[in-house]
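Report on the structure given below.
The values are calculated or read from the model by the stated rules, or taken from the named source; none is laboratory data. Not measured: the values here are computed from a predicted model. FYI the Cβ positions are ideal-geometry reconstructions off the backbone, even for glycines, and counts take in every protein chain you see. Surface accessibility is based on the protein's heavy atoms, side chains included, excluding ligands, DNA and RNA. Shrake-Rupley method; radii C 1.70, N 1.55, O 1.52, S 1.80 Å.
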Amino acid sequence: MAQIASAARADGESIFLTLRSEILSGLHQPGTAMREVTLADRFGVSRTPVREALSRLQQERLLERVARGLQVPQIDPQQIIQIYDMRILLEEEAAGQAATARRFTDLMRLEALLNRDRELTDPDDQTRITTNLEFHAAVWESTHNPILQDLLERLSTHLIHAPRSTLSVSDRWADALEEHSALIKAIEEQDVGTARKIAREHMETARKLRLQLLRESALEQPSRTAGRSR
């Protein structure tokens with residue numbers, strides 16, 4: 001019996017990690033339903049480990065409960081901007097702490113991630129989201145502050161509900177990589193003030209672009225007034 005329970009937990013963990021990765025990378029768009037039966041068929045398991053995985057995703061606010069069951073959360077523009085406001089503060093703090101606490105291995109990882117991203121040829125939106133998050137997570141890890149890391153990881157999970165990455169706007173991808181390079185240099189030189197300034201401006205630009213995308217999205221939606229007049 002213990003072996004069976006252990007296997008069920010392992011299945012639940014595997015399903016949870018797979019779905020979490022897919023949601024964070026933007027593979028499942030807002031409003032996408034997550035049904036136990038469908039997922040059980042997909043993973044070739046019973047509904048029990050699927051139910052366990054979905055419950056954990058809901059706890060992380062990566063899924064929301066609606067009348068028809070669980071789905072990837074719909075976009076809340078107000079909440080998205082609030083998250084950016086907090087990210088600006090915390091990313092600035094993380095950059096400053098990384099400049100103080102970084103180790104040689106941290107710098108090696110940051111440089112490796114930057115070089116990898118520079119070698120990408122016209123990456124799609126999903127790839128930009130994933131690689132950018134990996135770079136930022138490496139900066140957070142360089143703080144060696146688990147509390148700050150946890151706060152930033154929790155905030156970052158909520159931004160995946162926003163359609164389209166700000167990194168796909170105009171030349172933002174190339175500009176962001178240059179900003180990442182400058183941030184690494186400041187962290188390596190333990191220049192706390194410069195590191196904080198670069199991180200703040202980096203996130204403020206992302207916030208500005210997100211507002212632009214939200215406005216464009218709002219304009220594309222037919223107004224309720226127009227709908228009633230028909």
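Please indicate, with yes or no, whether at least one residue in the stretch 138-152 is at pLDDT 95 or above and of a type in the set (Gly, Ala, Ser).
Looking for residues that are at pLDDT 95 or above and of a type in the set (Gly, Ala, Ser), one finds at least one in the stretch 138-152, hence yes.
Name, by its number, the condition in (1) open to solvent by less than 40 Å² (accessible area, probe 1.4 Å); (2) among the aromatic types (Phe, Trp, Tyr); (3) farther than 23 Å from residue 31 by Cβ that does not hold for residue 84.
Residue 84 satisfies all of (1) open to solvent by less than 40 Å² (accessible area, probe 1.4 Å); (2) among the aromatic types (Phe, Trp, Tyr); (3) farther than 23 Å from residue 31 by Cβ except (3).
Does at least one position in the stretch 100-116 carry a residue that is small (Gly, Ala, Ser), more than 26 Å from residue 19 (Cβ to Cβ), open to solvent by 10 Å² or more (accessible area, probe 1.4 Å) and modelled with pLDDT under 90?
Of the residues in the stretch 100-116, the ones small (Gly, Ala, Ser) are 101, 112.
If we keep only those that are more than 26 Å from residue 19 (Cβ to Cβ) too, we end up with 101, 112.
Filter once more, so that each one left must be open to solvent by 10 Å² or more (accessible area, probe 1.4 Å): 101, 112.
Imposing the further condition that a residue be modelled with pLDDT under 90 reduces the set to none.
Checked the stretch 100-116: no residue is small (Gly, Ala, Ser), more than 26 Å from residue 19 (Cβ to Cβ), open to solvent by 10 Å² or more (accessible area, probe 1.4 Å) and modelled with pLDDT under 90.
Among the residues of the stretch 183-208, what is the count of those that are in a helix (DSSP H, G or I) and over 11 Å from residue 95 (Cβ atoms)?
Residues flagged as in a helix (DSSP H, G or I) and over 11 Å from residue 95 (Cβ atoms) within the stretch 183-208 amount to 7.
Could you tell me whether residue 154 is of a type in the set (D, E, K, R), closer than 24 Å to residue 185 by Cβ and in a helix (DSSP H, G or I)?
Values: of a type in the set (D, E, K, R): yes; closer than 24 Å to residue 185 by Cβ: no; in a helix (DSSP H, G or I): yes.
Answer is no for this residue.
Here's a check for you: in the stretch 170-226, which residue that is among the hydrophobic types (A, V, I, L, M, F, W, C) and modelled with pLDDT under 95 is surrounded by the most Cβ atoms within 10 Å (Cβ to Cβ)?
Looking only at the stretch 170-226, we keep the residues that are among the hydrophobic types (A, V, I, L, M, F, W, C), and these are 173-174, 176-177, 182-184, 186-187, 192, 195, 198-199, 203, 206, 209, 211, 213-214, 218-219, 226.
Filter again for modelled with pLDDT under 95, leaving 206, 209, 211, 213-214, 218-219, 226.
Details: 206: 22, 209: 19, 211: 15, 213: 18, 214: 17, 218: 10, 219: 8, 226: 8.
So the residue we want is 206.
Report whether or not residue 91 is surrounded by 15 or more Cβ atoms within 10 Å (Cβ to Cβ), within 30 Å of residue 31 (Cβ to Cβ) and of a type in the set (D, E, K, R).
yes
Residues being β-branched (Val, Ile, Thr) and outside any helix (DSSP H, G or I): count how many of those fall in the stretch 166-182. So that I can check it myself, show each step before the final result.
Within the stretch 166-182, the subset β-branched (Val, Ile, Thr) is 166, 169.
Adding the requirement that they be outside any helix (DSSP H, G or I) leaves 169.
Qualifying residue count for the region: 1.
Considering only residues that are without any contact (Cβ under 8 Å) to a residue 24 or more places away in the chain and not in a loop (DSSP other than H, G, I, E, B), look in the stretch 94-132 and name the one that is farthest from residue 25 (Cα to Cα). Walk me through it before giving the result.
Of all residues in the stretch 94-132, those without any contact (Cβ under 8 Å) to a residue 24 or more places away in the chain come to 104-105, 108, 112, 115-116, 119-122, 124, 127, 131.
With the extra rule that they be not in a loop (DSSP other than H, G, I, E, B), the set shrinks to 104-105, 108, 112, 115-116, 127, 131.
Details: 104: 29, 105: 26, 108: 25, 112: 21, 115: 21, 116: 18, 127: 8, 131: 9 Å.
Looking at the filtered set, the residue picked out is 104.
Any residue in the stretch 141-149 that is within 17 Å of the chain's Cα centre (by Cα), assigned to a helix (DSSP H, G or I) and surrounded by fewer than 14 Cβ atoms within 10 Å (Cβ to Cβ)?
So in the stretch 141-149, the residues within 17 Å of the chain's Cα centre (by Cα) come out as 141, 148-149.
Cutting the leftovers down to assigned to a helix (DSSP H, G or I) gives us 141, 148-149.
Now restrict to residues that are surrounded by fewer than 14 Cβ atoms within 10 Å (Cβ to Cβ): none.
Scanning the stretch 141-149, I find no residue that is within 17 Å of the chain's Cα centre (by Cα), assigned to a helix (DSSP H, G or I) and surrounded by fewer than 14 Cβ atoms within 10 Å (Cβ to Cβ), so the answer is no.
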